[in-house]
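What follows is a short report on a single structure.
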Amino acid sequence: MKKVLLTGGGTAGHVTPNIALLPGLQEAGFEIHYIGSYEGMERKLIEHENIPYTGIATGKFRRYLSLKNLTDPFRVLKGYSEALKFIKNYKPNVLFSKGGFVSVPVVLAAKKCNVPIIIHESDMTPGLANRICIPAATRVCCNFPETMQLLPAQKAVLSGSPIRKELLTGNKQTALEFTGLNDKKPILMMMGGSTGSKVINETLRKILPKLLKEFQVIHLCGKGNLDSSLIQEGYCQYEYISKELKDLFAAADIVLSRAGANAICELLALKKPNILVPLSAAVSRGDQILNAESFRKQGFSYVLQEEKMDENSLMEAIHQTYEHRSEYVDAMSHSNQSNGVDIVLGLIKQLAKD
């Protein structure tokens, strides 16, 4: 039986694409094992899928001054030693890495053991962890045509992001029953990540009186951001949705979202007309701005910069996106990067066989 080793962690975005690959890997008869940090969020997510899990030490490479910059290199070295020992005993045929700092010692250990390595980079420009790992990789998958120019030509593969297949099986009627909404008005769904987005939440709520005259709203506002004073017909709010998300997507006519790579790739796979409000460069490395701009150029998204968002500009964005929704759907329908599961699985099978 061929063995595949998976790694990646730190955020859900470094884990969910791995989870999306599991059904196909299991169907192909692979034995699967996962390496992550001792107690990172990836551990709970992967063990929930009943996949064997091994934890290693990990550290973060920071671009800013911190005392931890003095100790974390030793944690990375310890993680490398632990990963090397495991890989020598497990003898995987191929490693798939979704990135995050936990992946660095695993990738370097796999390279030491001559294990073929596939890396996936979600954002337009590779993050620091993946930049460290790219020289060791056999193939580097990415989501954006622009990223291909930043990667070694002989390694680069435009794959799109692996998307969980269950997201494609949602039922609109189930969502209407769950939310209490109806099919008399179009539905806008806002999603700002597990912690929510303060600025989008506040701006959306300011325009609710006007917005609810034309639309119904599903608001995924993030942990601790529910507002009981806003309970009214046509508006439903949730901190976080997991099992029912596929149905909410099926019901949504347009989506308002941040521009994290995995989130927007899900929108692309689902062909949902969308408004992207990327995280400001003042509080990030600017990857969401680049992600959103690529989707805008390809005709997939309406982009509203956070600095320019107010009640009027958000209302205009919603109107424009809904009015031109068929054009967005058409552009997304002609994309060859909507779901990376098949491409990544093909690479894993090929390298494992070689």
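The values are calculated or read from the model by the stated rules, or taken from the named source; none is laboratory data. Given the structure is predicted, the values throughout are model-derived calculations rather than measurements. All Cβ positions, even for glycine, are placed from backbone atoms using ideal geometry, and neighbour counts span all protein chains on display.
Screening ALA153, ALA129 for residues that are assigned to a loop (DSSP other than H, G, I, E, B), farther than 25 Å from SER326 by Cα and small (Gly, Ala, Ser) leaves exactly one candidate, ALA153. Just a yes or no: is a residue in region 182-196 modelled with pLDDT under 95, farther than 13 Å from ALA252 by Cβ, outside the structural domain of VAL255 (by TED's automatic domain parsing) and within 15 Å of the chain's Cα centre (by Cα)? For region 182-196, residues modelled with pLDDT under 95, farther than 13 Å from ALA252 by Cβ, outside the structural domain of VAL255 (by TED's automatic domain parsing) and within 15 Å of the chain's Cα centre (by Cα): absent. Apart from one condition, ALA282 fits all of (1) among the hydrophobic types (A, V, I, L, M, F, W, C); (2) in contact with a strand residue (DSSP E or B) (Cβ under 9 Å, 6 or more places away or on another chain); (3) surrounded by fewer than 20 Cβ atoms within 10 Å (Cβ to Cβ); the exception is (2). Name every residue in region 5-57 that is in a strand (DSSP E or B) and of a type in the set (S, T, N, Q), in order of residue number. Answer for region 5-57, where residues must be in a strand (DSSP E or B) and of a type in the set (S, T, N, Q): THR7, SER37, THR54. Could you tell me whether any residue of region 128-143 is over 25 Å from ARG296 (Cα atoms), in contact with a Pro (Cβ under 6 Å, 6 or more places away or on another chain) and modelled with pLDDT of 95 or more? Yes, region 128-143 has at least one match.
Every condition in (1) touching a strand residue (DSSP E or B) at 6+ places or on another chain (Cβ under 7 Å); (2) without any contact (Cβ under 8 Å) to a residue 24 or more places away in the chain holds for THR179 except the one numbered (2). Is it the case that some residue within region 341-351 is part of a loop (DSSP other than H, G, I, E, B) and either surrounded by fewer than 16 Cβ atoms within 10 Å (Cβ to Cβ) or touching a helix residue (DSSP H, G or I) at 6+ places or on another chain (Cβ under 9 Å) (or both)? There is no residue in region 341-351 that is part of a loop (DSSP other than H, G, I, E, B) and either surrounded by fewer than 16 Cβ atoms within 10 Å (Cβ to Cβ) or touching a helix residue (DSSP H, G or I) at 6+ places or on another chain (Cβ under 9 Å) (or both). Of the listed requirements (1) at pLDDT 90 or above; (2) exposed (fewer than 14 other Cβ atoms within 10 Å of the Cβ); (3) among the polar types (S, T, N, Q), ASN93 misses just one: (2).
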